Amino acid sequence: MLSEVQKIKFEYLFNLYDANNNGVVEFADFSAYVGRFTELYELPEDSETLKQLNKTAEAWWDVIKANADLNDDGVVTIEEWMGFAERYVETLETYPDGAKYLTKFIITIFNVVDENKNNLISSKEYANFLFAWGVDKDVDLAFRKLDADGDHSLSEKDMIDLVFEFYLSDDPHAPGNHFYGMIPNEIFAEPPEEEVPTDNTITRIFKSIFK
């Protein structure tokens, strides 16, 4: 069963996938995103990268349709999606093939997003990635959350770990929760920092004890 944190993340992802905002996810949405990536990253029609991107989008839609579109009407509703989400998380946790295919998908996206081909994703490259998904709010904050080691970049391994964390973690403070942008829900708010006593505060405490 999905945790409350996972439910919120999968609902967010559903709305992100719904490129035309018609309330369902369908193959047209995936085609639209391939188009956005193609335009943003100026991918030539005959490029191997675009071929791989198309192949990956089609394969991911096939997985979703086969496992979520229960009435076979060509679209996936939020109810169907959430049922799929629960089964998909179980697959990732239980079956090696599920994790293998997700990893291949992540690597394909990484190779597109890594514009200067230095095997790292910079904050600017990450911002372009989110822009392709239609996300342009709190992008810098999301990147800082993901960049746990503070080196101002994400490696391929970082990206794989973060995406798996997005799907699998039920920790509301896990960095990977924000891989697709900052999710606007109070459950992900950082806990307030404990106030560090100042010298004056300490002085007042001692005075109250020894007065």
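Filtered by the rule that a residue be of a type in the set (A, V, I, L, M) and closer than 18 Å to Ala132 by Cβ, region 41-94 gives Leu43, Leu50, Leu53, Ala57. Among the residues making up region 114-143, those that are β-branched (Val, Ile, Thr) and buried (at least 18 other Cβ atoms within 10 Å of the Cβ) are Ile121, Val139. Evaluating Glu90 against the criteria (1) assigned to a helix (DSSP H, G or I); (2) in contact (Cβ under 8 Å) with a residue 40 or more places away in the chain; (3) over 15 Å from the mean Cα position of the chain (by Cα) leaves one unmet condition, (2). Within region 47-81, track down each residue that is in contact with a strand residue (DSSP E or B) (Cβ under 8 Å, 6 or more places away or on another chain), in a helix (DSSP H, G or I) and of a type outside the set (Lys, Arg). Ile64, Ala68, Trp81 - these are the residues of region 47-81 that are in contact with a strand residue (DSSP E or B) (Cβ under 8 Å, 6 or more places away or on another chain), in a helix (DSSP H, G or I) and of a type outside the set (Lys, Arg).
Evaluation of Ser153 against the conditions (1) at positive phi; (2) in contact with a strand residue (DSSP E or B) (Cβ under 7 Å, 6 or more places away or on another chain); (3) small (Gly, Ala, Ser) shows that the sole unmet condition is (1). Given (1) in a loop (DSSP other than H, G, I, E, B); (2) of a type in the set (D, E, K, R); (3) without any contact (Cβ under 8 Å) to a residue 24 or more places away in the chain; (4) more than 28 Å from Asn21 (Cα to Cα), where does Lys100 come up short, assuming only one miss? Checking Lys100 against (1) in a loop (DSSP other than H, G, I, E, B); (2) of a type in the set (D, E, K, R); (3) without any contact (Cβ under 8 Å) to a residue 24 or more places away in the chain; (4) more than 28 Å from Asn21 (Cα to Cα), the one that fails is (1). Residue count for region 148-180 under the criterion of being part of a loop (DSSP other than H, G, I, E, B) and in contact with a Gly (Cβ under 9 Å, 6 or more places away or on another chain): the result is 1.
Confirm whether Asp136 is modelled with pLDDT under 95 and either farther than 13 Å from Lys9 by Cβ or not in a loop (DSSP other than H, G, I, E, B) (or both).
Spelling it out, Asp136 is indeed modelled with pLDDT under 95 and either farther than 13 Å from Lys9 by Cβ or not in a loop (DSSP other than H, G, I, E, B) (or both).
Taken over region 17-32, the criterion of being buried (at least 18 other Cβ atoms within 10 Å of the Cβ) and in a helix (DSSP H, G or I) is satisfied by Tyr17, Asp29, Phe30.
The values are calculated or read from the model by the stated rules, or taken from the named source; none is laboratory data. What you see is a predicted model; the values in this text were computed from it and never measured. All Cβ positions, even for glycine, are placed from backbone atoms using ideal geometry, and neighbour counts span all protein chains on display.
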